[in-house]
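First the structure, in the form of structure tokens, and then the observations on it.
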Protein chains: 2
Amino acid sequence: MPVISLKTPSAAYDITIASGLLRTLSARLNKLTKGKPFRPFIVTSPEIWGLWHKQVLASFKEAPTVLFLPSGEAHKRLASVESLAQQLATAGADRDSLLIAFGGGVIGDVTGFLAAIYMRGIPYVQIPTTLLAQVDSSVGGKTGVNLVAGKNLVGSFNHPLAVLADTDILATLPPAQLRAGLQESIKAGIIRNAKLFKYMEQNADAILKGDAKALTHVVTASVRVKADVVANDERESGLRMILNYGHTIGHAIEAATSYKQLLHGEAVGWGSIAATHLGLSRKLITQAQSDRIIALILRYGPLSSFKATAAKLVALTSSDKKNRSGTLSFILPTSIGTVKIVRDVTQPELLAATESMLALMRQHTAAPVVTRKRKR
Amino acid sequence: MPVISLKTPSAAYDITIASGLLRTLSARLNKLTKGKPFRPFIVTSPEIWGLWHKQVLASFKEAPTVLFLPSGEAHKRLASVESLAQQLATAGADRDSLLIAFGGGVIGDVTGFLAAIYMRGIPYVQIPTTLLAQVDSSVGGKTGVNLVAGKNLVGSFNHPLAVLADTDILATLPPAQLRAGLQESIKAGIIRNAKLFKYMEQNADAILKGDAKALTHVVTASVRVKADVVANDERESGLRMILNYGHTIGHAIEAATSYKQLLHGEAVGWGSIAATHLGLSRKLITQAQSDRIIALILRYGPLSSFKATAAKLVALTSSDKKNRSGTLSFILPTSIGTVKIVRDVTQPELLAATESMLALMRQHTAAPVVTRKRKR
């Protein structure tokens, strides 16, 4: 069973990726808390709980208290955190309680933040239920909620006691969500793991069919990339920025479409294509490398199309949180498996790369996926 | 100029207690940030800003951005934090910004928490403007806001870069606020500094008149007690609990009067008297010590009276945050200058001590001070 240990200056914990973790949850939590009694509180969505409550409850002698957060990015707000905190207090939760984030990225981010601030901090565990959450958002300790002014503008670096990624859950994901989540795995390959990239090229059919062995391999390799980066730069002062590969234009696309038309992974896919065009125009990568990257992103599509001009997208990048200080930082590929941070990208350059990405989109148009937005 | 250095596992900073700090604020901030450019954002109340803006602005070449939080405990809520965060984002605040909490306990707690979570953490400085905030709440890194379910139920341990306590500000405090704040200094004496206690016995007239030298002595000694305790137990796993001396019954009194009738220090004064009665009934202290403690608390009165039965107050103690696990922990005096944590206080014992405190109140009735509640 793949277990990845993540050690940062502020925390050390394991990310376990395997089948059947839910069925043994209670015993796993007891091990984490080293036998010290605790009261478990599960934060989840009605949909996830409807699908998996029997498996979760089976392992507990006494049923944990369950708190619900409705699905969707719209609920990733301080008002939700306050409502959950109030429910915890009313139910008598104290510093001997343990929160369990059981859901996708929104549930994980909100619950991790709730754990950071309830009674000035109580422990929590991540049980990610989407591919995106398993390969990306549940790992690394970034938690938080959105403001009207922007996404993830309030939050906390707060690591869980453990991440338990049960790969059985992936079998129930809608195909579009699986494909979108895999874009973050492609990103992991591009920035730091050429072998993962190649594996995804060679095993695309099996992975996209949801083959358990192939998916577990991809999830594990993706988590390893993220854990390795976070271990080297917990607070995002340098290296961790490379995880934002494809995200600058990706976030602009999400903002331009009001976070409703594309899944997060799809926006990242388009953003990665734009970044690849930038890398090619600067001759940081070869034409052949650029072709392979773009081909793999499209192979795990179709990515939903959207309507926005290049000018609009470029304008939106300057309001991105990472770019507030005025300079435009970009993560650009230097090969398959390596990237560099470039701080002098000009507006015309960025405009040209975005235009190329939009031209490619017009050739590969897919119908928009109408579904709630998933967060990264 | 008294400078107290506080070092905890997570932070190290100075608490400076002196006259004229506001007038040199800009230079002091530059020193703290080691010359690195930063954008200052001041969070304050309209009243405080009205009194002191000229002094503050005088030292800045470029005026800092000022955000207002209305006065009063009612605004110590997540909604205020969200509104301030939104204003920060709109004004372009980023990780190179510096928050300045300029006000009493509520401003300090809200701003410290805002600094903890805005963009997952930006630096801040405390400039406490009440005696209570100078001697107690600005020191130690506890920040947070209230829920409907209880006070300070969400928050963060988040230390400032520095605490600048300008003693000039104390001269403008209403006498009732000065007296109430001094109850926390008496508490500091009881729990850990017999010399401070004696100084307050011997110099009561000068201190209560607002004599600058005497007040500076009291503030400095009180901060030293708090800093020493916090340095030894940052996260309140043991020793730090002694700072709650007088607070269990104190919080019950505040809850019974809807946080509107008494200043926090007054409630703590009554709570200290009840705790002293408990200590006496357990023979932890002598009659003479008990008499001295009660006499000093009353000397710094009059403490506003209130209407609540002993039974009601005792019932409210069990919903106190510190007592959620079911046992009643109390900090009881074992001499003037030492206390111990007692975990087996029975309801009848507590009821008797509370009755004694209420009997004493009936003998020393003062008219209720009608004013907004100050927080500890």
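The values are calculated or read from the model by the stated rules, or taken from the named source; none is laboratory data. Bear in mind that the values here come from a model prediction, so they are computed numbers and not experimental data. All Cβ positions, even for glycine, are placed from backbone atoms using ideal geometry, and neighbour counts span all protein chains on display. Ligands, DNA and RNA are excluded from the accessible area calculation, which covers all protein heavy atoms including side chains. Shrake-Rupley method; radii C 1.70, N 1.55, O 1.52, S 1.80 Å.
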Under the condition of being in contact (Cβ under 8 Å) with a residue 24 or more places away in the chain and over 24 Å from A:Gly189 (Cβ atoms), which residue from the range A:329-349 is least open to solvent (accessible area, probe 1.4 Å)?
A:Glu349
Checked pairs for the range A:282-300, first over 28 Å from A:Pro175 (Cα atoms), second open to solvent by less than 10 Å² (accessible area, probe 1.4 Å) and of a type in the set (S, T, N, Q), C-beta under 8 Å and 6 or more apart or across chains, list as A:Ile285/A:Thr276
I'd like to know if the range B:35-43 contains one or more residues that are of a type in the set (Val, Ile, Thr), in contact with a helix residue (DSSP H, G or I) (Cβ under 9 Å, 6 or more places away or on another chain) and either on the phi > 0 side of the Ramachandran plot or modelled with pLDDT of 95 or more (or both).
yes
If you go through the range B:208-228 one residue at a time, how many are surrounded by 17 or more Cβ atoms within 10 Å (Cβ to Cβ), under 20 Å from B:Ile4 (Cβ atoms) and touching a residue at least 40 places away in the same chain (Cβ under 8 Å)?
10
Any idea which of (1) crowded, with 20+ Cβ neighbours inside 10 Å; (2) farther than 30 Å from A:Glu266 by Cβ; (3) away from every other protein chain (no Cβ under 14 Å) is the one A:Leu131 doesn't satisfy?
(2)
Just name the residue that is nearest to the other protein chains (Cβ to nearest Cβ) out of those in the range B:144-168 that are open to solvent by less than 20 Å² (accessible area, probe 1.4 Å) and under 17 Å from B:Ser71 (Cα atoms).
B:Gly144
Please report, ordered by residue number, the helices (runs of 4 or more DSSP H) entirely within the range B:1-108 with at least 2 residues that are surrounded by fewer than 17 Cβ atoms within 10 Å (Cβ to Cβ), within 14 Å of another protein chain (Cβ to nearest Cβ) and free of Cβ contacts under 8 Å to residues at least 12 places away in the same chain.
B:78-90
Right, B:Met200: without any contact (Cβ under 8 Å) to a residue 40 or more places away in the chain and open to solvent by less than 10 Å² (accessible area, probe 1.4 Å) or not?
no
Sort out which residues of the range A:136-157 are under 24 Å from A:Gly121 (Cβ atoms), outside any helix (DSSP H, G or I) and small (Gly, Ala, Ser), and write them in order of number.
A:Ser138, A:Gly140, A:Gly141, A:Gly144, A:Gly155, A:Ser156
Any hit, the range A:261-275, residues being modelled with pLDDT of 95 or more and touching a Pro at 6+ places or on another chain (Cβ under 8 Å):
yes
Inspect all residues belonging to the range A:283-293 and state whether any of them is outside any loop (DSSP other than H, G, I, E, B), open to solvent by less than 20 Å² (accessible area, probe 1.4 Å) and in contact with a helix residue (DSSP H, G or I) (Cβ under 7 Å, 6 or more places away or on another chain).
yes
